[in-house]
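The values are calculated or read from the model by the stated rules, or taken from the named source; none is laboratory data. Since we're looking at a predicted model, the values are computed, not measured. Cβ placement follows ideal geometry from the backbone for every residue including glycine, while neighbour counts extend to all protein chains displayed. Just the protein is used for accessible areas: all its heavy atoms, side chains included, with ligands, DNA and RNA removed. Shrake-Rupley method; radii C 1.70, N 1.55, O 1.52, S 1.80 Å.
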Amino acid sequence: MLSSKHLFGTNGIRGLANKELTPEIAIKIGAAIGTFFKRGTLVVGYDARTSGPMLAKAVIAGLNSTGCNVLLAGMAPTPTLQFTVKNHKVDGGVIITASHNPPEYNGIKVIWSDGIEVSHEQELEIEKVFFTDKTHLAEWNAIGETRELPGVIDEYIEAIEKHVNVKAIAKRRYHVMVDGANSVGSLTSPRLLRELGCRVTTINANIDGTFPGRPPEPRPENLGDVAMAVKAVGADFGVAYDGDADRSIFIDEKGEIHMGDKTFGLVEKYFLKANKGEKIVTPVSSSTLIQDIADEYKGKIVWTKVGSVTVAQTMKTLKAKLGGEENGGIFYGPHQSVRDGAMSTALILNIMAKTGQKLSKLLGELPAYYLQKGKVECNDNLKEKVLQKLIEKTKGLKTNTLDGVKIWFEDKSSILIRPSGTEPIYRLYAEAKTEKKAAQLVKDYSLKLKKIIDGLRN
Ligand code: MG
């Protein structure tokens, strides 16, 4: 995924370990990051991938060479490391993780002093240093030092507990099934839950960088085992994390797996009940359900482009307290304005304890929508022209063109049409009150899109 012009993709630097992302390149990236930070102290940590410790050492060598000091937090979830940067008031952080990508990948995320990933403009500055070889190596007597930073998981769990009613949750004695994806989610969530008085049963909780249990992306097709386990032990719910535990997908007591915007909608509802008029930040890919809840409970939706960094940066600019994505990312500002799987789990428990309702009932009360997806082939060089034509042709409809084209219709159905960033295709995501209507929207707009593409080709 690394290119000759750019290091950063939509979610930090990603590449195949020891093929694209080698220790040599990681040292150079570390030195570019160190030059960008101009000395200072950075927290470094990694997820459970086999290449994690190796790449961390290389990045640290690069950072130290530019005079940056490093606090090595070791293996931990991304949100734990982000919280540590903020909590220890250091200058920034570097996280070695490829999040939900397959085990052979790894990546590098750069964190600013507030715990949020650096902005796109800051990424460009780091890339400039990297590609123009402008790294600034320190004199021999100014080389940075590295020391270990123990206890970050304790501090993180303690911080989460401050945002929920611990006693009310503990009273209910919930039984929770945790699927840690054989990665860092297993280091925090089971402990947090036990401290909240829950009985915890785990699946895929042994740390193993080959991800033997399931792929690290918590998509419904990867969560059959945990869904079955929830029912088998009669748990109150199940929760499954991605490879770096910033995203969480919930399974109700009946074994039903819920999409991320459903649980985000539930958190949004109870947040707005207590905080009327607040802004809710969410990408245009989210369900209309998020808008419906905002309308009912007096919230204001701020739509963004797709991507967790954009959501976090928008929350920061607007001082918004809640954000969320359909993929299971919930950003709870009072704790930190980044996706956080363990915090999301605590918020869901808090709502269950407060209402005394089962998860299936709480989620079942929210407006229901059906989702249908489609794709249309389109050469990369035509994508921009197709988008312009599409925007022209949809003028007069209720649209948002921040990221592709999203169209909302009178009957509450909607469709998002956006060019893929990695493949020569356009993707279509339709949503409606019936499955049939959603499928019809995909069909209609696939045809319209093909016509535009054919027209531009000739
Ligand atoms: Mg992730």
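Considered as a group, the residues in the range 184-243 that are open to solvent by 10 Å² or more (accessible area, probe 1.4 Å), assigned to a strand (DSSP E or B) and among the hydrophobic types (A, V, I, L, M, F, W, C) include one that is nearest to the ligand (Cβ to nearest atom), and that residue is 203. Is it true that residue 278 is open to solvent by 10 Å² or more (accessible area, probe 1.4 Å) and either of a type in the set (Asp, Glu) or within 16 Å of the ligand (Cβ to nearest atom) (or both)? Answer is yes for this residue.
Residues that are buried (at least 24 other Cβ atoms within 10 Å of the Cβ) and either under 16 Å from residue 265 (Cα atoms) or at pLDDT below 95 (or both) within the range 312-324 comprise 322, 323, 324, listed in sequence order.
For the range 132-146, the set of residues classified as surrounded by 14 or more Cβ atoms within 10 Å (Cβ to Cβ) and among the hydrophobic types (A, V, I, L, M, F, W, C) consists of 137, 138, 143, listed by residue number. Restricted to the range 82-102, and to residues that are over 14 Å from the mean Cα position of the chain (by Cα), within 16 Å of the ligand (Cβ to nearest atom) and not β-branched (Val, Ile, Thr), which residue is farthest from residue 340 (Cα to Cα)? Step by step, filter the range 82-102, then rank; the result is 102. Inspect the range 69-79 for any residue being under 20 Å from residue 241 (Cα atoms) and out of contact with any Leu (no Cβ under 9 Å at 6 or more places or on another chain) and give the result as yes or no. Looking through the range 69-79, at least one residue is under 20 Å from residue 241 (Cα atoms) and out of contact with any Leu (no Cβ under 9 Å at 6 or more places or on another chain).
Here is a yes/no grid of residues against (1) touching a Gly at 6+ places or on another chain (Cβ under 9 Å); (2) of a type in the set (A, V, I, L, M):
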| position | (1), (2) |
| --- | --- |
| 281 | yes, yes |
| 306 | yes, yes |
| 309 | yes, yes |
| 324 | yes, no |
| 329 | yes, no |
| 336 | yes, no |
| 352 | no, yes |
| 369 | no, no |
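Cβ separations smaller than 6 Å between residues 6+ apart or across chains give the following pairs from the range 439-456 residues that are in contact (Cβ under 8 Å) with a residue 24 or more places away in the chain to residues that are in a helix (DSSP H, G or I): 452/386; 452/389; 453/386; 456/382; 456/385. Test residue 302 against the criterion of being modelled with pLDDT under 95, open to solvent by 30 Å² or more (accessible area, probe 1.4 Å) and of a type outside the set (D, E, K, R), and give yes or no. So residue 302 fails the test.
Report the residue count in the range 110-139 for those that are within 16 Å of the ligand (Cβ to nearest atom) and either out of contact with any helix residue (DSSP H, G or I) (no Cβ under 7 Å at 6 or more places or on another chain) or not charged (D, E, K, R) (or both). Total meeting the criteria: 4. A residue that is within 16 Å of the ligand (Cβ to nearest atom), crowded, with 22+ Cβ neighbours inside 10 Å and assigned to a helix (DSSP H, G or I) can be found somewhere in the range 264-272. Checking each residue in the range 1-24 for being touching a strand residue (DSSP E or B) at 6+ places or on another chain (Cβ under 8 Å) and either surrounded by 17 or more Cβ atoms within 10 Å (Cβ to Cβ) or within 15 Å of residue 63 (Cβ to Cβ) (or both) picks out 2, 7, 11, 12, 13, 14, 15, 16, 17, 21. Taking the listed residues 33, 27, the one that is on the phi < 0 side of the Ramachandran plot, open to solvent by 10 Å² or more (accessible area, probe 1.4 Å) and touching a residue at least 24 places away in the same chain (Cβ under 8 Å) is 27, with no other qualifying. Of the residues making up the range 309-324, those that are in a helix (DSSP H, G or I) and either within 14 Å of the ligand (Cβ to nearest atom) or under 15 Å from residue 115 (Cβ atoms) (or both) are 309, 311, 312, 313, 315, 316. Could you please let me know if residue 99 is free of Cβ contacts under 8 Å to residues at least 60 places away in the same chain and buried (at least 17 other Cβ atoms within 10 Å of the Cβ)? So residue 99 fails the test.
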